[in-house]
Each structure stands twice: as structure tokens, then as C-alpha cells.
1. I'm trying to understand the selection: among the residues of the range 33-56, which are within 15 Å of residue 79 (Cα to Cα) and either under 11 Å from the mean Cα position of the chain (by Cα) or modelled with pLDDT of 85 or more (or both)?
2. Can you find, within the range 55-73, the residue that is farthest from residue 38 (Cα to Cα) among those that are in contact with a helix residue (DSSP H, G or I) (Cβ under 9 Å, 6 or more places away or on another chain) and buried (at least 18 other Cβ atoms within 10 Å of the Cβ)?
3. Could you check the range 77-111 and list, in sequence order, the residues that are within 18 Å of residue 29 (Cα to Cα), at pLDDT below 95 and in contact with a helix residue (DSSP H, G or I) (Cβ under 9 Å, 6 or more places away or on another chain)?
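The values are calculated or read from the model by the stated rules, or taken from the named source; none is laboratory data. Source: prediction; values computed, not measured. Neighbour counts run over all protein chains shown; Cβ positions are idealised from the backbone, glycine included.
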């Protein structure tokens, strides 16, 4: 399914803004951090095709009661056809506000999941 603005994505800055706008509209996060890691993947096949590599932290009440897989499916559903084209790689950390509060108190890095 095409998403508003998807067809007009051009350049890394626009992709990050589109990601942010799309995730904010769809999940109303209390915390959203998007890291563009594309520069680390120069020469990689996905990067050569123009697809970006992103690491995203999303803290949203919408994730309450959902498994990790269901949360990630929700994000992929919002991003639609951009995943696999404009977005070559996407590392997600999806948390509820309660999980975020607990993990921040434990000194966990902001966007690294399971490390």
C-alpha cells in the first residue's frame, strides 16, 4: 500500500523525516529516535541501490499487550512498500512507556535492543 509522501522520498534527510512523520502519525510515540546508519554501509548492495539503513527506538502505549513480533509487524505495516526499497535495513527497538522507564533506569543504551 502506498503511503502519503512515499513517492516523493528523495535523499537521506527526506527519508528520515518521512519515517518520523509516518511513525508519529501511526503510533503517537512518547519517545522516537531515528538513527540513519546508511553511511556505515557504503558499498553494501542495499546502499548501492539507494536504500537506507536505520536504527529506530519507538516508545508507544500502542505496544501495550503486544508481543515483540506484533510490535514490529505494526511498524512494518505503517511503512508499507518503503521497506525493501527506500528502506533497505531497519533495526527496531519497540517498547511501552513502562518498559522504557525500567530500561532507562537500568542504564541501557537508547536504541540498542538486547545488548
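1. Here is the first cut: in the range 33-56, the ones within 15 Å of residue 79 (Cα to Cα) are 34, 51-56.
Within the range 33-56, 34, 53, 54, 55, 56 meet the criteria.
2. It comes out as 63.
3. Residues satisfying the conditions are 79, 90, 110.
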